[in-house]
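One structure is given here, and the rest of the page talks about it.
The values are calculated or read from the model by the stated rules, or taken from the named source; none is laboratory data. All values derive from a computational prediction rather than experimental measurement. When we count neighbours, we look across all protein chains shown, and the Cβ atoms used for this are built from the backbone with ideal geometry, even at glycine. Ligands, DNA and RNA are stripped out before the accessible areas are found, and what is left, the full protein with its side chains, is counted by its heavy atoms. Shrake-Rupley method; radii C 1.70, N 1.55, O 1.52, S 1.80 Å.
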Amino acid sequence: MTDRYAVFGNPVGHSKSPRIHALFAKQTGQDISYQAILAEKDGFAAAISSFLAAGEGPARGANVTVPFKEEAFRLATRRTARAEAAGAVNTLSFEAGAMIGDNTDGAGLVRDIKDNLGTPLAGRRVLLLGAGGAARGVILPLLQEQPSSLLVVNRTASKAEQLVTELSRLASEYTPGLQAGDYASLNQQSFDIVINATSAGLDNSVLPIPSATFAPDCLAYDMVYGRETPFMAQARATGQAGLRVADGLGMLVEQAAEAFFLGRGIRPQTAPVMATLRG
Ligand code: NDP
């Protein structure tokens with residue numbers, strides 16, 4: 001019997017997860033099926049129930065995308081610490097009547113930055129732009145890498161402050177270097193790693209970031225993928241020595257690899273999958 005997996009979202013047609021998981025399964029010789037399921041906006045729990053009940057083989061797991069990550073968090077019967085910190089679940093594992101909720105976004109980002117882009121986070125000054133779901137999901141995994149500081153800046157500064165307060169309550173051992181601010185607070189500060197977790201790139205909005213934000217040898221990372229965003233162009237335009245620019249495709253593939261590992265116990269190679277997707 002083939003183990004069944006699916007990604008749930010609305011919309012979901014654009015999701016690259018079925019293709020990525022099919023490539024992982026082929027590469028590792030795993031016999032799985034993986035489908036994209038469009039759930040009604042108010043029908044996520046019902047769609048999960050149907051998926052569990054129907055089908056040829058056992059339902060083993062699900063990936064969850066916009067707008068259901070918070071609902072998946074509530075639906076899970078157990079949650080990992082990183083899901084608790086994220087306040088959202090992007091991976092559900094079905095085990096003997098239990099529904100275990102995890103969040104692999106932060107692990108995916110950290111792996112992409114450290115392993116694929118060869119940039120250590122330990123001891124570095126990190127700036128995280130944005131305070132939405134994506135930003136929240138990556139804060140704890142970033143802090144666990146022990147950067148010297150992590151500043152979260154958001155257009156609506158109160159949301160960044162709220163995130164920092166909540167994270168400080170949930171994981172105080174990691175949060176001494178964690179601070180919140182607005183764009184004006186960037187002033188003349190410089191950072192070694194600047195991560196754009198805003199959706200500004202989707203409508204080509206320009207973020208008010210001074211050139212000095214990007215230190216020499218800085219990594220400028222945009223979670224948006226598949227296009228050159230104004231943030232990426234801004235970083236390049238500084239002409240800063242040693243500066244590198246990356247989009248979020250690596251994060252997307254690495255978070256999927258982490259979910260695949262949770263489901264199958266095998267870690268797939270991500271480089272060939274990234275190359276295929278970029279091709
Ligand atoms: P949310 O809608 O939850 O949050 C959006 C964030 O962007 C908020 O902080 C918002 O600020 C900020 N923002 C939006 N427009 C502007 C603007 N014009 N100027 C300044 N700030 C702006 O989205 P998510 O957090 O879920 O996703 C953010 C991005 O990350 C998306 O583009 C998504 O595609 C990408 N992403 C990529 C992943 C990957 O694997 N590569 C995984 C997850 C997300 P405010 O609070 O002030 O409104």
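With the Cα gyration tensor of segment 3-103 giving a ≥ b ≥ c as the square roots of its eigenvalues, does the rule (a/c under 1.5 for rounded; else a/b larger than b/c for prolate; else oblate) give rounded, prolate or oblate? The partial results should precede the final answer.
On the way: a/c = 1.37, a/b = 1.29, b/c = 1.06.
The shape class here is rounded.
Sort 145-156, 228-239, 31-42 by the packing proxy (mean of other Cβ within 10 Å over each peptide's residues), most packed first. Could the numbers behind the result be given before it?
Working: 145-156: 19.7, 228-239: 17.9, 31-42: 15.0.
Most protected by this proxy first, the peptides run 145-156, 228-239, 31-42.
Share of the chain's accessible area from carbon and sulfur, percent, 1.4 Å?
Working: 6110 of 12320 Å².
With neighbouring chains kept in place, the figure for the chain is 50 percent.
Hey, if you put +1 on the Cβ of every Lys and Arg and -1 on every Asp and Glu Cβ in segment 3-103, which of 23, 45, 68 ends up farthest toward the positive end of that dipole?
Towards the positive end, the residue furthest out is 23.
With Cβ to Cβ distances under 14 Å as the rule, what net charge do the other residues near residue 202 carry (K, R +1; D, E -1)? Walk me through the numbers on the way to the answer.
Working: positive: 227; negative: 203, 222, 228, 247.
Neighbour charge sum, excluding residue 202 itself: -3.
How high is the relative contact order of segment 106-247, in percent, counting Cα pairs under 8 Å that sit 6 or more residues apart?
Numbers: 272 pairs, mean separation 29.3, N = 142.
Computed over segment 106-247, the figure is 21 percent.
So what is the accessible area of the chain per residue, in Å², with the probe set to 1.4 Å? Let's see the in-between values first.
Working: 12320 Å² over 279 residues.
Normalised by residue count, the accessible surface of the chain is 44 Å².
With the calculation restricted to Cα positions, what are the radius of gyration and Dmax of segment 106-247 in angstrom?
13.7, 39
Only helical DSSP H runs with n ≥ 4 go in: add -39500 (n - 2.57) per run for the chain, normalise by residue count and round the 222 nm mean residue ellipticity to 500 deg cm²/dmol. Intermediate values should be presented prior to the final figure.
Numbers: 10 runs with 99 residues, N = 279.
So the calculated ellipticity at 222 nm is -10500 deg cm²/dmol.
Which number comes out as Rg/Rh for the chain once both Rg and the Kirkwood Rh are worked out on C-alpha atoms? Spell out each step's value before the answer.
Values: Rg = 18.8 Å, Rh = 19.3 Å.
Taking Rg over the Kirkwood Rh, I get 0.97.
When only Cα pairs under 8 Å and 6 or more residues apart are kept, what is the percent relative contact order across segment 3-103?
Numbers: 179 pairs, mean separation 28.3, N = 101.
Worked out over segment 3-103, it gives 28 percent.
What dipole magnitude, in Debye to the nearest 20, does the chain give about its Cα centre under +1 on Lys/Arg Cβ and -1 on Asp/Glu Cβ?
Numbers: 25 positive and 26 negative charges, 50 e Å.
It comes to approximately 240 debye.
What is the chain's relative contact order, in percent, from Cα pairs under 8 angstrom and six or more apart in sequence?
16
For residue 120, what is the net charge nearby, where nearby means another residue's Cβ is under 10 Å from its Cβ and Lys, Arg count +1, Asp, Glu -1? List each step's numbers first, then the result.
Values: positive: 114, 124; negative: 145, 192.
Summing Lys and Arg as +1 and Asp and Glu as -1 gives 0.
Label points 7 Å out from Cα along the Cβ direction at residue 146 and residue 158: separation in nm?
3.8
So, counting K/R as plus one and D/E as minus one, what does the shell of residues with Cβ under 15 Å around residue 135 add up to? Mind dumping the intermediate values first?
Details: positive: 69, 82, 136, 155, 159; negative: 70, 105, 161, 166, 182, 222.
Once all neighbours under 15 Å are counted, the net charge is -1.
Let me know the shape class of segment 59-187, please: from the alpha-carbon gyration tensor, a ≥ b ≥ c as square roots of the eigenvalues, rounded when a/c is under 1.5, otherwise prolate if a/b is greater than b/c, or oblate.
On the way: a/c = 2.11, a/b = 1.62, b/c = 1.30.
Because a/c hits 1.5 or more and a/b exceeds b/c, segment 59-187 counts as prolate.
Note the per residue figure in Å³ for the convex hull of the C-alpha positions in segment 187-279. Walk me through the numbers on the way to the answer.
Numbers: hull volume 10.9 nm³, N = 93.
Cα convex hull per residue, to the nearest whole number: 118 Å³.
Using +1 at the C-beta of Lys and Arg and -1 at the C-beta of Asp and Glu, which of 168, 110, 2 has the Cα lying farthest in the positive direction of the dipole of the chain?
2
Between residue 261 and residue 27, what is the label-point separation in nm under the 7 Å Cα-to-beta-carbon projection?
Distance between label points: 1.3 nm.
How far is helix 17-28 tilted off the main Cα axis of the chain, in degrees rounded to 10, range 0 to 90?
Result, in degrees: 70.
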